[in-house]
Every structure is written in structure tokens, then in C-alpha cells.
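Below: the structure, in C-alpha cells.
The values are calculated or read from the model by the stated rules, or taken from the named source; none is laboratory data. No experiment lies behind these values; they were computed from the predicted model shown. Glycine gets a Cβ as well: all are built from the backbone with ideal geometry, and neighbour counts include every protein chain shown.
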Amino acid sequence: MAGLKLEFVYGYAGKDSTDNNLFFNDQGKVVYYTAALGIVYDPASHTQVFFKGHNDDIRCIAIHPQRRCGRTGGGFGRGGERGSARNLWLMAP
């Protein structure tokens, strides 16, 4: 069965964000979000790792002081479910 594989994301959710939404993890990799993806970008290897736990656009991100994990939050789900999605994920793949 053929399918698509996400390899790299071009873009940044800066237009609608008024808070900090770009961070560095404890390994010096760039952590940010766009659409419904959390992204960890390694500038040394020009590769990305993705967190795909949201079903709607991410609206905010918070990083633990040790910079090993972060929490992202989103709006309503695409299936019409109520409430905001909040996910905790490791940022050091």
C-alpha cells in the first residue's frame, strides 16, 4: 500500500501567536509548532522530528525549565469534540 510520509515542514505559526512560541530544547534543537504539529528541528543535520498528538491547530506551547519536555495546547477538535486538547511530549528525540 502506497502512502505519503511527512519528511519536512516548511512554515511557522507566527501570524496568530502573541506569546513565545519558539524555544530551544536541552540539546540545542529548535522547538516550535505549526498547524497541528509540534516540531523539533535539528539545525546541525537539517532534520525534523514531529509530534502528531493534536487533531486541530496548536495555539500555545510551554516548555519545562529543564527544556526536556513541553506542553502544547489547541482548540476544538476537527471532529466537533468539545474542550481544548493539551498534550505533554518529550522534546529530545
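Look through region 36-53, keep the residues that are free of Cβ contacts under 8 Å to residues at least 40 places away in the same chain and surrounded by 13 or more Cβ atoms within 10 Å (Cβ to Cβ), and return whichever of them is farthest from Lys5 (Cα to Cα). The qualifying residue farthest from Lys5 (Cα to Cα) is Asp42. Please enumerate the residues belonging to region 1-35 that are in contact (Cβ under 8 Å) with a residue 60 or more places away in the chain and over 13 Å from Thr72 (Cα atoms). Passing the criteria: Asn25, Asp26, Gln27, Lys29.
From the list Lys15, Lys29, which one is buried (at least 16 other Cβ atoms within 10 Å of the Cβ) and more than 16 Å from Asn87 (Cβ to Cβ)? That would be Lys29, the only listed residue that is buried (at least 16 other Cβ atoms within 10 Å of the Cβ) and more than 16 Å from Asn87 (Cβ to Cβ). Looking at region 1-67, the strands (runs of 3 or more DSSP E) lying wholly inside it that each contain 2 or more residues that are at pLDDT 90 or above sit at 22-24, 30-34, 37-42, 47-51.
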